[in-house]
Amino acid sequence: MKRTAKPVFFIVALLIVALTVTTFFGVYTVYGDRRDTIIRGAKDIRWGIDIRGGIDATFGPKEGVTDITDEDVNSMREVIAERLVRNNITDHEIYADTANHQVLVRFPWSSDEEDFDVTAAIEELGKTAMLEFHIGSETTAKKDEDGEEVLDEDGRLERKADMFTKRTIKPHEAVTTVDTASEALAVSISEKACVDMAYMEQLTGKTGEELADELRGVIFRVPGQTEPDGTPHYVTADEYLSGNVRRKLRQAQRAAEQDPAFAVNVEALTAAQPKDLDASEIEVRLGATWIDKEYIQQFMYETFDTPFYLQRSIEVHYTPFTAEWQISGKNVVGQNNVAAYSTYGTSRANAYKILEDSLNLRDVRIYDTVEDADGKERRVLNAKETTLAAQKQQAIRDAFRDWIWRDPERRQALVRQYNEEMNATRPREYDGSHIVFGGMNPAITLREHQKNAIAHVLYGGNTLLAHEVGAGKTFEMVGAAMEAKRLGLCQKSLFVVPNHLTEQWASEFLRLYPSANILVTTKKDFEKHNRKKFCARIATGDYDAIIMGHSQFEKIPISKERQERLLHEQIWEITEGIAEVEASGGERFTVKQLERTKKSLEARLEKLQAEDRKDDVVTFEQLGVDRLFVDEAHNYKNLFLYTKMRNVAGLSTTDAQKSSDMFAKCRYMDEIT
C-alpha cells in the first residue's frame, strides 16, 4: 500500500481546519466601528425561520413620478437586494414587476429576534427605492430632492439630513437703523459693498458732512471723483491707502493746495509710503527693463573700450513691445580689440554679442555647422567654446554689478527711479469680518482667511485663489458668488469645474446655501440634440449659479462677431509689434516668430468668416452670466505668450484652442463688469 507524503497530509489538514473556521466564523473586515462581511459564517445565518411566516412588501416609485422605464425598475430591484443583504436578510425572494412598475419582496422574520427591527428595515428599503426616481438635473447632490437624507460614498443611507435636527436656512434681515457712524459704515459695506453716504444718512439720520467728520481717517474722500448725484466720493481706508500710494500722494498734495480738506489724505498717505530702499538693498541685473538704455550703452563703451569713431555704429536699442534688447554694429570691431575678443569675449563670440544675449536673459551658445553622410548640414553645439563664452558672460555680469553703483550721481538717480517706479505699491489687506452671508447655513462657520478671500473677490476685481489644497477654496467661491448676488454686484454666476466634480460641487454648494437655486449640468445636457435647449434654460432661468464641466463650457461658443473683433485686435497688435521690432533692428528670429503667430491668427479668421452662420446657436453672451468662477484654472494656462528667453518651462509659444476660448470669454466678462 502506497503511503501518502507528509507534506500533502499537512496541507489537506490545514485546508480542513481553514474551511471549518470559515464555515463557523465567516470572513469579514473591520474598519473602526464598521464591519464588512465577505463570507457569512454559521453564526451570521438566520436559522429555522418558516418562509410562510415572513414579510410581504411592495415598493414602487414616489407618488407623482410616472415616467418609469424597465431599466429603472430593475435598478430599483438591485438596490433593494443589496440593502437586504446589508441588513443580514439573506433568505429573501425579490421580483421586478416591470409591467406594474414595482418590486415585490418577501423575507422571513421570527418574532423572537430581538436584534432585528423589521419596521426600520422596510422603511430603509423604501427610502432607497424612492431615491432612484427623482427626475431633473437641477439638484444632483448626494441627498434626495427633498433633502430628506444624506448618503455615503457607496450610496447607502448615512443619516437624516440636517434639516430634521437643526436650522439650515437663516433668513437675512437687513439693518434699518443704527446709532453711530461706525455702525453705519459697517452696514453700508455689508449691504452695498461700498461707502454709500446716502444710505448711511438714512440709517443714522445724520448729514453726510457729519458722517465724514466722525469717520475721519476711517474713510477718505477721493480727489477728482464724485458720485452720480455730484456729492463727494468716499472709500474705505484699506482701499485708499493701498495700490500705488506714491502716485496717490502726489494727487492728494495737488488737491490739498486747492482745498485744505484733503490735508488729512496727505497726512495718511505720507505715513503709508513704503520705506525707501538704498543702493545696498537693490539688486540690478543686466536686462532689467526699468534701466534706461543710455546707462547700458555707457557701461558698454567704458567697459569694452569702444573706439570713439565706432560709437556711432555700435549702439544699444530697446523694443518695448517684445522687451528685447539689440546691439547694432556688434561685428564692426576688429579682431585686434583685446577687450572685445579676449577680456570679455572669445574668438567665436565677441563681448558685444555676449552682452546682447545677457540683456535678453539668454545663455550664450556656440554652434558648429557639420555635414552628415547624406551631405546635409546641421548645427552641433560646441561644448568647449560654449563653456568659455559662459565664463566671459559671467565676467560681464560681475563688471556691470560693480559699475552700476560706482558713480554717486548715477547711484542717486537710479535709487530715486527704483523707489518711484518699483517700490510704490502697497498691497491691500482685505477684511471680510463685516460680511453677513445672508442665507448661509448657520451650522457652518467660515474661517478668517476664507472671509478675507471672499472680501477680496467682492472688492478686488479679478482674483486668483491660490491657497493650498484643503484650505476651503470651494466655500470661498460659493460664498463670494452668493454675496455678490445679494449685494447686486452680479445676477447669475457660472462655475466651471472639472467634469468629474460637478456633483461634488453641487453637494458642497447646497451644504453651504441650502436654499440656493442652482442648475447642475449632466453629460446628456450637452449632447448635440439637447445643447440648445439646455443653454436656453440657462439664459431664461433665474438661477443663483450654474455648475458645468470644463468640456461643457468649451462647447458654448463666443459670438462670431466678437471672435472676429478679438482676432482683428490681436492681428493689429502683432502687426504693430513686427513694425516696431523691424524699425529698431530686432533679430530676424523674433520677426519670424511674430509673423508665424500672425499667419495662424489670420488663418483662424479666414476659417471663421467662411463658416456658415447658424442663427439658432445660443452664444456665451446670451446666457446672461455676469460672474465667472473657474476651478483648476491651470488647465487653461497654455495661451500664446511671446518671450525672448529660450526653453522656459511652463511658457507656451504656441496657441491652445481652449485657452484662447477662455481668454475671449474672460475679456467679455471684463467688458460687462
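Quick note: the coordinates plus some simple rules give every number you see, no bench work behind them. Fair warning: this is a prediction, and the values are worked out from it, not measured in the lab. Positions of Cβ are backbone-derived with ideal geometry, glycine not excepted, and every protein chain shown enters the neighbour counts.
Quick look at the values:
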item	result
Peptide ranges 263-270, 407-414 listed from the most packed, as the mean C-beta count within 10 angstrom indicates	263-270, 407-414
Label-point separation, Val284 to Gln412 (7 Å along Cα→Cβ), nm	1.5
Extension gain, Ala323 back to Lys384 (0.36 nm per residue minus Cα-Cα distance, nm)	18.9 nm
Backbone HN-Hα couplings from phi across the stretch 412-424 [Karplus 6.51/-1.76/1.60, Hz, Gly and Pro as x]	5, 5, 6, 5, 5, 5, 5, 5, 6, 9, 9, 10, 10
Thr346 long-range amide H proximity, modeled H, under 5 Å	Ala351
Residues with amide H under 5 Å from that of Ile558, placed H, sequence gap 5 or more	Phe620
Three-way shape label, the stretch 300-364, alpha-carbon gyration tensor, a/c 1.5	oblate
Filter on Lys523/Lys560; Lys353/Lys392; Lys523/Lys607; Lys492/Lys524; Lys248/Lys275; Lys560/Lys658 - keep pairs with C-alpha separation over 19 Å	Lys523/Lys560; Lys523/Lys607; Lys492/Lys524
Kirkwood estimate for the stretch 445-553, i.e. one over the average of 1/r between Cα atoms, Å	14.7
Positive-end extreme of charge dipole, the stretch 216-342 - chosen from Ser280, Ile327, Leu241 (charges on Cβ)	Ile327
Prolate/oblate/rounded call for the stretch 370-502, Cα gyration tensor, a/c under 1.5 rounded	oblate
Placed amide H near Tyr367: partners under 5 Å, 5+ positions off or other chain	Asn382
Diffusion constant of the stretch 484-546 at 10 °C, which comes from Stokes-Einstein with the Kirkwood Cα-pair radius and 1.306 mPa s, µm²/s	125
Highest to lowest packing among 185-197, 540-552, 441-453, scored as the average C-beta count within 10 Å	185-197, 540-552, 441-453
Calculated FRET value between Glu302 and Thr231, using beta carbons and R₀ = 51 Å, to 0.05	0.30
Over 19 Å (Cα to Cα) - which of Lys384/Lys592; Lys485/Lys533; Lys451/Lys485; Lys528/Lys665 fall in this group	Lys384/Lys592; Lys485/Lys533; Lys528/Lys665
Karplus-derived HN-Hα couplings along the stretch 520-529 (A = 6.51, B = -1.76, C = 1.60, θ = phi - 60°), whole Hz, x at Gly and Pro	10, 7, 10, 4, 5, 4, 10, 5, 3, 7
Cα-based Rg / Dmax (Å) for the stretch 281-404	15.6, 58
Pairwise centroid distance, computed over Cα atoms, of the stretch 539-581 with the stretch 444-504, Å	23
Under the Karplus curve 6.51 cos²θ - 1.76 cosθ + 1.60, θ = phi - 60°, whole-Hz ³J(HN,Hα) for the stretch 309-321, x wherever Gly or Pro sits	6, 9, 5, 6, 8, 9, 9, 9, 10, 9, 10, x, 4
